[in-house]
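Here the structure comes first, spelled out in structure tokens, and everything after it is commentary.
Derivation of every value follows stated rules applied to the coordinates shown; laboratory data play no part. Bear in mind that the values here come from a model prediction, so they are computed numbers and not experimental data. When we count neighbours, we look across all protein chains shown, and the Cβ atoms used for this are built from the backbone with ideal geometry, even at glycine.
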Amino acid sequence: MNNNKGKKLYQHQVEMVKSTENSKGILVAPTGSGKTLVQAEITAQEILKGGFRVILVKTPRILLSNQVAGEYVDHFYNGHDLVREEDYNSILVHSGKSPAEREDAEDDDSDMSFEEWAEIENQLSNAYSHPESIKNLITAAKERDIPFVIFTTYHSNVKAWDCISDLEIGVDLDINDEGHYLVRNDFTEILTTYTPVRQYFFTATMRVTSSDEGKGMNNTDLFGDIIYNMPIAEAIESKLILPVKPFLIKAKGNVDYEDEEKGIGEIVDKAFDDLLEKSDLDAPSLLVATTGGDQIHRFIKSSAIRTLLNKHNDLHILTVHSNKELITHNGETISREEFDNLRKEIGEDDTKKMIMMHYDILSEGIDVAGLTGVVILRNMNEAKFLQTIGRCVRLYRKDPARKTHGFVYFPDINNKDLRDNFFELLLRSVEAGYIPSEFVSEIEAIGKNDEEDVLEDFGPDSDRSIRKNLRLFVASGLGLDKKVGNDIF
């Protein structure tokens with residue numbers, strides 16, 4: 001499917017679009033496999049039907065809604081010659097931080113209004129928060145008999161729906177990006193408030209409950225059936241995304257979170273050195289998932305940041321957090337607008353190296369060009385982990401041959417809970433298919449040849465061997481300091 005001068009849809013994307021002949025359902029595909037383009041194509045086809053209709057496109061975050069809106073509008077024009085305000089109209093709807101968003105500060109994007117974000121991106125001419133303004137625009141589209149697309153967040157879905165229902169109209173197409181968010185208690189009412197003509201949920205990480213009558217995505221009454229499912233291993237085999245190689249990073253001394261300034265700096269420094277050595281890119285980028293604002297603050301106030309900047313030419317260190325004082329470039333506070341511009345500019349520049357530190361803002365959906373590796377400094381659940389490593393498994397489209405893997409670094413931190421979490425995450429990534437089979441074989445060989453029995457019986461016999469040997473991988477510190485076989489690491 002190659003529409004005019006737009007991006008060509010790969011075969012799996014064509015199949016995803018075709019699966020939406022069903023009126024409702026879940027589409028599962030790994031991060032980086034092109035779900036946003038599929039969503040844009042489905043929406044474009046709805047617009048091409050002509051006539052007035054309402055299309056809702058929702059994401060969990062302000063920044064992601066803005067990014068998605070830009071990608072959709074670009075595809076509408078370049079893929080189908082659809083011109084905004086002629087063939088359709090569209091708006092960004094947000095009301096500023098709701099009380100729930102304020103309480104969920106670590107999960108939010110910034111203190112900036114949605115209007116400011118729209119102006120920064122310059123992708124759509126307007127972002128609206130006033131209900132009467134929204135309703136006037138919807139009414140104008142109805143009078144002109146053209147489709148109307150609303151880009152919004154899950155937090156602001158109620159505001160958008162109230163405007164639609166006040167006009168006594170319905171939703172023709174309902175697109176839910178990162179649809180697994182809808183299992184949250186504060187979002188599940190979205191699924192029962194209104195009934196769209198067509199409704200789809202896109203995710204890389206299904207979240208289910210023990211009962212198929214609960215709030216999980218296995219409740220077909222709420223989410224519908226899985227109408228498309230691409231396993232991670234299949235995506236890697238099809239060269240749509242890259243596999244990962246994990247490493248355990250050891251600092252010079254014992255590191256814990258009570259005395260971490262120097263140790264965390266060493267871990268980031270060592271991971272970046274390794275990335276430079278192993279990556280075929282001249283200027284790779286590293287994403288660091290921190291424990292939160294306190295850790296970011298300690299890092300940018302420590303000597304570690306100066307050490308890194310003095311050590312590497314053309315290195316840029318960016319930090320981002322909901323606290324505006326923790327949005328920095330090379331240790332200096334900047335605006336969120338400056339951060340976003342630098343993130344794009346540096347990421348797309350083949351000569352500039354970048355380290356980005358965040359808590360949760362960049363984990364899901366946000367495309368960071370040039371990202372090659374991630375450092376995990378905190379506990380994560382499986383879904384968050386798979387989304388995080390999904391940031392570094394995207395293809396390097398300028399020259400795909402130069403990036404063959406994403407690199408995932410775990411710190412050797414003196415904390416049993418973290419080590420146990422890292423082990424479980426490593427196991428999950430093996431089970432999901434992110435780690436190549438030859439790497440798994442090397443781990444199994446390590447376990448068989450090791451003389452010291454430091455392991456317990458973890459799990460059923462069917463996976464006992466791999467679980468034990470993955471535990472050994474974590475316990476032994478295998479990674480940067482050791483090589484196995486044909487330099488599989």
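Along Cα→Cβ, 7 Å out, is where each label goes; now give me the distance between the ones at GLU86 and GLU332 in nm to one decimal.
My value for the distance between the label points is 4.4 nm.
Could you give log10 I(q)/I(0) at q = 0.19, 0.27, 0.28 Å⁻¹ for segment 271-344, computed by the Debye formula over C-alpha point scatterers of equal weight, without solvent?
So the normalised log intensities are -0.85, -1.39, -1.42.
Enumerate the amide H contacts of VAL408 below 5 Å, restricted to partners 5 or more residues apart or on another chain; note that Pro and chain-start residues carry no placed amide H.
Result for VAL408 returns LYS245, PHE247, VAL374.
With each label point set 7 Å from Cα along the Cα-Cβ vector, what nm distance links ALA140 and LYS239?
4.8 nm
Report the normalised scattering of segment 16-98 as log10 I(q)/I(0) at q = 0.11, 0.13, 0.18, 0.25 Å⁻¹, calculated by the Debye formula with identical scatterers on the alpha carbons.
Treating every Cα as an identical point scatterer, log10 I(q)/I(0) equals -0.32, -0.45, -0.87, -1.45.
State, as an integer percentage, the relative contact order of segment 129-235 based on alpha-carbon contacts under 8 Å between residues 6 or more apart. Walk me through the numbers before you get to the answer.
On the way: 96 pairs, mean separation 20.3, N = 107.
Contact order relative to length: 19 percent.
Could you grab the relative contact order for segment 287-358? Cα pairs under 8 Å, six or more apart, rounded to a whole percent. Display every interim value, and only then the final one.
On the way: 100 pairs, mean separation 28.0, N = 72.
RCO, segment 287-358: 39 percent.
Name the long-range amide H neighbours of SER90: under 5 Å, sequence gap of 5 or more, or other chain; modelled H, no Pro or chain starts.
GLU85, VAL149
With a 10 Å radius around each residue's Cβ, average the other Cβ atoms per peptide and rank 385-392, 238-245, highest first.
Numbers: 385-392: 24.6, 238-245: 18.9.
Peptide ranking by packing, descending: 385-392, 238-245.
Using the beta-carbon distance between THR291 and ARG184 and R0 = 25 Å, what value does 1/(1 + (r/R0)^6) give for FRET efficiency, to the nearest 0.05? Kindly include the intermediate steps, with their values, before the conclusion.
Values: r = 22 Å, r/R0 = 0.87.
Once the sixth-power term is evaluated, E becomes 0.70.
Tell me, how many Å apart are the Cα centres for segment 1-65 and for segment 403-436?
Taking the Cα centre of segment 403-436 as reference, the centre of segment 1-65 is 32 Å away.
Net charge near ILE164, counting Lys/Arg +1 and Asp/Glu -1 over other residues with Cβ under 12 Å of its Cβ? Let's see the in-between values first.
On the way: positive: ARG53, LYS135, LYS142, LYS159; negative: ASP162, ASP166, GLU168, ASP172, ASP174.
Residues close to ILE164 contribute a combined charge of -1.
Round to the nearest 0.05 the FRET efficiency obtained for VAL14 and THR193 when R0 = 30 Å and r is the Cβ-Cβ distance.
Details: r = 32 Å, r/R0 = 1.08.
Once the sixth-power term is evaluated, E becomes 0.40.
Which value, in Å³ per residue, describes the convex hull spanned by the Cα atoms of segment 55-98?
On the way: hull volume 3.3 nm³, N = 44.
Spread over its residues, the Cα hull of segment 55-98 gives 74 Å³ apiece.
In sequence order, what are the phi-derived ³J(HN,Hα) couplings for segment 180-197 according to the Karplus relation 6.51 cos²θ - 1.76 cosθ + 1.60 with θ = phi - 60°, rounded to whole Hz, with x for glycine and proline?
Calculated HN-Hα couplings, in order: 5, 5, 6, 7, 5, 4, 7, 10, 5, 5, 4, 6, 10, 6, 8, 10, x, 5 Hz.
How much length would be gained if the chain were fully extended between GLU431 and GLU213, taking 0.36 nm per residue of separation minus their Cα-Cα distance, in nm to one decimal?
On the way: separation 218, 0.36 × 218 = 78.48 nm, distance 2.64 nm.
Answer, rounded to one decimal: 75.8 nm.
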